[in-house]
Amino acid sequence: MAQWPWEYLFVALNARLGTFYTPFWMVNLALFIMTIVAYAVATRGSRARGVLGDEWEYLLWIGVTTFGLNLIYAAFQWYGIFPIATTLVGFYLLRDTVVNRFPPQFAGEAAHEAALRTRRQVSDGIEATIKRPNRRSGSKKR
């Protein structure tokens, strides 16, 4: 170890950091691709409408930005402080999105759906419990 640990923050991110450089860009490339695949799978069809779709879109853009920037840092040999700061901020935003930002919105959406369900049941009234006869128009038995 020729330098102090904090001096590596100001060394260009390139192949001279062989034990760190290759795993760094490979992991970021894998996370970049997995973010896009997870978004595509999770939002397929009508499963991700409303707040859930918004959450997945937030996660997509935060992941693409974080891991894409780290790939750019590795390709253009930026100093080591930039990928570390970007990764920390990106992981904080991913955690904050899942833990703090969307759970109140999910609760509000669930309360709204419950209110709509209750209103629908009240408006149907007692007639909703009575089985209606199966009548066909136009065809009579002989």
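Computed values, structure above
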read-out	value
Theoretical gain in end-to-end length, LEU116 to VAL89 [0.36 nm per residue, Cα-Cα removed]	5.8 nm
Two-site FRET efficiency, ALA2 against ALA107, from Cβ-Cβ distance with R₀ of 41 Å, rounded to 0.05	0.15
Cα-centre dipole for the stretch 68-126 with unit charges at Cβ (Lys and Arg positive, Asp and Glu negative), debye to 20	80 debye
Area projected by the alpha carbon convex hull of the stretch 11-126, averaged over all directions, nm²	8.6 nm²
For the stretch 71-86, Karplus couplings with θ = phi - 60° (6.51, -1.76, 1.60), whole Hz, Gly/Pro x	5, 5, 4, 5, 5, 9, 6, 6, 5, x, 5, 5, x, 5, 5, 5
Point-to-point label distance, ILE36-ASN100, nm (Cα→Cβ direction, 7 Å offset)	3.0 nm
Pairwise FRET efficiency - PHE20 versus GLU57, Cβ, R0 = 25 Å, nearest 0.05	0.20
5 angstrom amide H check on TYR79, placed H, neighbours 5+ away	LEU13
The stretch 52-66-the stretch 72-129 distance, computed between alpha-carbon centres (Å)	9 Å
Nitroxide proxy distance, nm - points 7 Å out along Cα→Cβ at ALA48 and VAL64	1.1 nm
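No lab work stands behind these numbers, since they all come straight from the coordinates. What you are looking at is a predicted structure, and each value in this text was computed from that prediction instead of being measured. Positions of Cβ are backbone-derived with ideal geometry, glycine not excepted, and every protein chain shown enters the neighbour counts.
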